[in-house]
Structures are given as C-alpha cells and as structure tokens.
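Chemist: One structure, pasted below without further comment.
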Amino acid sequence: MKKTSNIITIIVLILIIVLIAGVSYGYYKRATMEVKNPIVTMEVQDFGTIKLELYPEMAPQTVSNFIALAQNGFYDGLKFHRVVEGFMIQGGDSNGDGTGSPKLSDLGIQVSEDEDRNYCIKGEFLSNDYTKNTLKHKEGVISMARADYTQQYSPSLTTESYNSAGSQFFIMTADNSSLDGNYAPFGKVIEGMDIVHNIENVEVKATEGQENTENAEVSTPVNAPKVTSIRVEK
C-alpha cells in the first residue's frame, strides 16, 4: 500500500513539473516572440512593386484606416495624381485630382445608400495634441495627406484641416522636417525605393485651372502612374 502511494506521489510530482514547464515555456515564448508590423505590397503598373512596413504603435487609427481601405480594394486602380520632384509622390484619391474622400462603404461597413457618407480620421501628430507619433518625414516614409486651412488663422478651420485626412497618402522622396508634427506619418518603404524615385521623375504639368497663374504648381503627371493593387500582410 505504501509502495502504491509512493508511485502515485511520484506521478503527481511529474505531472506538476510538466505543467510548470509548459506554463513557463508559454510565458517564455510570448515574451521572446517577435511581433511583426503589417507589411504592405503595392503594385504600380509599368513601374514595379513597393513594399512598406506600417507602424500601428505610432499611428493606430491611421494604420487601421489604411489597412481597411486596402483590404477592401479601395486603392486598386487609383493613380499617383500629384508628383513633386525632390519632395514626394501622392496618391489614394478616388477622384484623381486631390479632391476625393473615402466613404464608409469603402471600409467594408454595411450601410444604406442614404447613410453612406464621406468620412475623415483624427490627425495623429503633435500639432493636433497627439504625442505618440515620433516618426519623422524622412525619405521613404509614408504619411497621410490632408487639407491645409492653417493659413486662414481660424481655430475651427485649423482643427478641421488637422482632422481632414481620409484615404490620400504621400511617400517622401527626400527628407523634409517642415512636415514633422503637422502630418501623420505611419510607415516607411522597406523595398522598392528605386520604384518610388522612378515615379518621382515622371513628366508633370501645371495643375488644371492654374496653367497661367503666377504660382502654379507643376505637379500633375502627364501620364499618371496607376496603382493596380495594395495588399496588407497583417
């Protein structure tokens, strides 16, 4: 009887040791596991593939919005409508001229036609009282485009412009610290920076309606490069 009791005790001890080892390994695995950021694969017709890494810890709402639009095919077929050499390339506008905004249905949200409205997201940058985004506008960084009403010196218009981003983004082709803290960067190019620079060098013309104005911006591509798809590996 005593021998049987000893055997049971040994078995119980072994099970406890195995259980403790399993729990400890689980904690160790979680503690040492590398958490990977979302990776974007952007295909640009006749140019090639651009890969970007997104940083949800810097700009969670911005990243979530971009991923939702991409996974629902919003960006497929849109063009880089604005290109400024030595500065950036801009795309993600459904109108193709910088005036477009996404709708709730573009996020995959089921809404009626009457409820399907344009939306904007909060600007995750320092000027908008958001302190977690410390990413700088260096070459290869992707950031959100937005309206700029700040020169009109109206607090309400400034707030509106800070929170006016929706789907349009730009990729930096050179460093520009003047944007830091005023726009929401949320990732960077990890492959295909040569593709970005090739797009930067396409032929451009003055923006329609500004051809003969004194300060016309020559930034509209003659043949705008088309994004055939954007997909995100989460």
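The values are calculated or read from the model by the stated rules, or taken from the named source; none is laboratory data. Nothing here was measured: the structure is a model prediction, and the numbers come from that model. No Cβ is skipped: glycine too gets one built from the backbone with ideal geometry, and neighbour counts run over all protein chains shown. Calculation scope for accessible area: heavy atoms of the full protein, side chains included, ligands and nucleic acids excluded. Shrake-Rupley method; radii C 1.70, N 1.55, O 1.52, S 1.80 Å.
Chemist: What is the one condition in (1) within 19 Å of the chain's Cα centre (by Cα); (2) open to solvent by 50 Å² or more (accessible area, probe 1.4 Å); (3) more than 19 Å from Lys132 (Cα to Cα) that Lys188 does not satisfy?
Modeler: Tallying (1) within 19 Å of the chain's Cα centre (by Cα); (2) open to solvent by 50 Å² or more (accessible area, probe 1.4 Å); (3) more than 19 Å from Lys132 (Cα to Cα), Lys188 fails exactly one: (3).
Chemist: Quick test for you: out of Lys103, Lys122, Lys132, pick the one residue that is among the charged types (D, E, K, R) and over 16 Å from the mean Cα position of the chain (by Cα).
Modeler: Matching residue, one of Lys103, Lys122, Lys132: Lys103.
Chemist: Within region 161-212, which residues are closer than 18 Å to Val63 by Cα and of a type in the set (Gly, Ala, Ser)?
Modeler: Our first condition is that a residue be closer than 18 Å to Val63 by Cα; within region 161-212, this holds for 162-172, 180-190.
Matches in region 161-212: Ser164, Ala165, Gly166, Ser167, Gly181, Ala184, Gly187.
Chemist: Follow-up question, since we're still on this one. Considering region 70-92 alone, what residues qualify as being assigned to a loop (DSSP other than H, G, I, E, B) and under 14 Å from the mean Cα position of the chain (by Cα)?
Modeler: Step one: list which residues in region 70-92 are assigned to a loop (DSSP other than H, G, I, E, B), which gives 72-78, 85-87, 92.
Listed by number, the residues that qualify are Phe74, Tyr75, Gly92.
Chemist: Given the criterion part of a loop (DSSP other than H, G, I, E, B) and surrounded by 20 or more Cβ atoms within 10 Å (Cβ to Cβ), identify the matching residue among Ser167, Ser101, Ser112.
Modeler: Ser167
Chemist: Look at Leu179 and say whether it is farther than 22 Å from Phe74 by Cβ and at pLDDT below 95.
Modeler: Values: farther than 22 Å from Phe74 by Cβ: yes; at pLDDT below 95: no.
No: the conditions fail for Leu179.
Chemist: Which number in (1) without any contact (Cβ under 8 Å) to a residue 60 or more places away in the chain; (2) in a loop (DSSP other than H, G, I, E, B); (3) open to solvent by less than 20 Å² (accessible area, probe 1.4 Å) marks the one condition that Glu124 misses?
Modeler: Condition (1) is where Glu124 drops out.
Chemist: Here is a list: Asn182, Asn223. Which entry is surrounded by fewer than 13 Cβ atoms within 10 Å (Cβ to Cβ) and part of a loop (DSSP other than H, G, I, E, B)?
Modeler: After ruling out the rest, the residue left standing is Asn223.
Chemist: I would also like to ask the following. From Ile195, Ile109, grab the single residue that is of a type in the set (A, V, I, L, M), within 20 Å of Ile67 (Cα to Cα) and over 16 Å from the mean Cα position of the chain (by Cα).
Modeler: Going through Ile195, Ile109 in turn, the sole match is Ile109.
Let's see how each residue does on (1) at pLDDT below 95; (2) open to solvent by 70 Å² or more (accessible area, probe 1.4 Å); (3) in contact with a Phe, Trp or Tyr (Cβ under 8 Å, 6 or more places away or on another chain):
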{"residue": "Ala21", "(1), (2), (3)": "yes, no, no"}
{"residue": "Gly26", "(1), (2), (3)": "yes, no, no"}
{"residue": "Ala31", "(1), (2), (3)": "yes, yes, no"}
{"residue": "Asn37", "(1), (2), (3)": "no, no, yes"}
{"residue": "Gln45", "(1), (2), (3)": "no, yes, no"}
{"residue": "Lys51", "(1), (2), (3)": "no, no, no"}
{"residue": "Ala59", "(1), (2), (3)": "no, no, yes"}
{"residue": "Thr62", "(1), (2), (3)": "no, no, yes"}
{"residue": "Gln71", "(1), (2), (3)": "no, yes, no"}
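Chemist: Among the residues of region 128-148 satisfying the criterion of being out of contact with any strand residue (DSSP E or B) (no Cβ under 8 Å at 6 or more places or on another chain) and open to solvent by 50 Å² or more (accessible area, probe 1.4 Å), which is modelled with the lowest pLDDT?
Modeler: Among them, the one singled out is Asp148.
Chemist: Further, regarding this structure: Identify all residues within region 191-205 that are open to solvent by 80 Å² or more (accessible area, probe 1.4 Å) and not in a helix (DSSP H, G or I); write none if there are none.
Modeler: The answer is Glu191, Asn201, Glu203, Lys205.
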